[in-house]
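Please treat every number below as a calculation from the coordinates, not as lab data. From a predicted model like this one, the values you see are computed outputs, not experimental measurements. So basically every Cβ, Gly included, is an ideal-geometry build from the backbone, and we count neighbours across all protein chains shown.
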Amino acid sequence: MAEAGEQITLRRATRDDIAPLNALIDTSVRGLAPGYYDAQQIESALRHMFGVDSRLVDDGTYFVIEVDGVRAACGGWSGRQTLFGGDQHKADQQAVDAPVDPAAVPARIRAFFVHPDFARRGLARRLFEHCAAEAKGAGFRSLELMGTLPGVPLYRTLGFETLEKVEVVLPDGVVIPCERMRREL
């Protein structure tokens, strides 16, 4: 929960946020992923998978939460094909990122990260509620995501169910266990 007197702001990310948010993601993963992933998995995921997807920033569907002016969390949603991964992952995968039909395909919940100093205070839930409302307003009826192991407990509390356990194999051969999850709006 937010602490008394804190100023919490949720806003759309801009291109100027990309480098600071990538630094936040790095800190988040290094601080919150141990115990779920080993050091090799963390380093490989930061190099090949975790990061800002600038397409979401350009689409206006990626957000920042600031606490007293400090970037504390980020996350977004997408009406495009890509289910997960930052710019470097899309480059590695050469992914096509075309828009999807909201009547037929779920919106994607993407790249939620919280700085460890602000973890477990409701910021990710606040981001999710905002993203879910926007996706619903855009005509989507369900949401899908690729949950990393540290995020799966949160996503379960938000009503997501695991569709399948997935082993994401990164370009260096490191395997990142994840769960593809879905919920109705």
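Does anything in the range 26-55 have its amide N under 14 Å from the 7 Å Cα→Cβ label point of Leu163, and if so which residues? None, by backbone N distance to the label point.
Working from label points 7 Å from Cα in the Cα-to-Cβ sense, the Ser142 to Thr14 distance is 3.8 nm. Computed from the Cβ-Cβ distance with R0 of 35 Å, the FRET efficiency linking Leu185 to Asp117 stands at 0.65. Helices assigned as whole DSSP H runs in the chain whose Cα atoms extend at least 15 Å along their own long axis and whose mean Kyte-Doolittle hydropathy is -1.0 or higher are found at 18-32, 123-137. Set the Förster radius R0 to 41 Å, insert the Cβ-Cβ distance between Asp172 and Glu129 as r into 1/(1 + (r/R0)^6), and round the FRET efficiency to 0.05. E(calc), rounded to 0.05, equals 0.70. Charging the Cβ of each Asp and Glu at -1 and of each Lys and Arg at +1, and nothing else, the dipole of the chain about its Cα centre rounds to 420 debye.
If the chain linking Ala23 and Asp87 were pulled fully straight, counting 0.36 nm for each residue of separation and taking away their Cα-Cα distance, it would gain 21.6 nm. For the range 8-141, treating each Cα as an identical point scatterer without solvent, what Debye log10 I(q)/I(0) comes out at q = 0.10 1/Å? Results for the range 8-141 at q = 0.10 Å⁻¹ read -0.31. When each of the peptides 127-134, 46-53 is scored by how many other beta carbons lie within 10 Å of its residues on average, the order from highest to lowest is 46-53, 127-134.
Put a dot 7 Å past the Cα of Gln40, heading toward its Cβ, do the same for Asp58, and the two dots end up 3.6 nm apart.
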